[in-house]
Amino acid sequence: MSIIKKPIVTEKMTTQAEVYNRYAFVVDKRANKIEIKKAVSDMYDVDVENVRTMICIGKKRVRGTKSGMIQGRTSTYKKAIVTLVEGDSIDFYSNI
């Protein structure tokens, strides 16, 4: 079971990484804070100070097409915001 699915790289999270040393990840819905902390520490070789999690509920979407209205729903996911110890940082662009 891979706990960390992908990092969230948005303008808001980039600003928080620079100012508050916080990084966000999409994680497995069944993972708890202790497992997330260990996974981030092992994957990026950093010390984690704090982990906050939230369930982001999927939204209803309606799209108009030639054949009529199509209703759908985006998927629900769990998001974790990880605060690192002072002096540590994660570089998502090192592999590019």
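Any read-out appearing in this document is the output of simple, stated calculations on the displayed coordinates, not a laboratory observation. If you're wondering where the values come from, they're calculated on a predicted model, not measured in any experiment. Here the Cβ is made from the backbone with ideal geometry for all residues, glycine too, and neighbour counts use every protein chain on show.
Brief remarks on what is shown
- Residues in the range 2-11 carry Karplus couplings, in order, of 7, 7, 8, 8, 6, x, 9, 10, 10, 5 Hz; the curve used is 6.51 cos²θ - 1.76 cosθ + 1.60 with θ = phi - 60°, and Gly or Pro positions show x.
- Mean Cβ neighbour count within 10 Å, used as a protection proxy, ranking 64-70, 37-43 highest first: 37-43, 64-70
- Computed over neighbours whose Cβ is under 13 Å from that of Lys6, the net charge equals +2, Lys and Arg +1, Asp and Glu -1.
- For the range 50-94 versus the range 1-44, the gap between their alpha-carbon centres in whole angstrom: 12
- Applying both filters, DSSP loop and at most 15 other Cβ atoms within 10 Å, to the GluC sites (Glu not before Pro) of the chain gives Glu86.
- Calculated FRET value between Thr53 and Ser94, using beta carbons and R₀ = 25 Å, to 0.05: 0.45
- Amide H to amide H distances under 5 Å link Glu49 with Thr83, Leu84, Val85, where only residues 5 or more positions off or on other chains count and H is placed in the peptide plane.
- When the Gaussian network model of the chain links Cα atoms closer than 10 Å, the mean-square fluctuations of Arg63, Arg52, Arg22 top out at Arg63.
- Multiplying the residue separation of Met69 and Ser41 by 0.36 nm and subtracting their alpha-carbon distance yields 5.5 nm.
- Proximal lysine pairs, the range 4-84, alpha carbons under 16 Å, eight or more residues apart or interchain: 23
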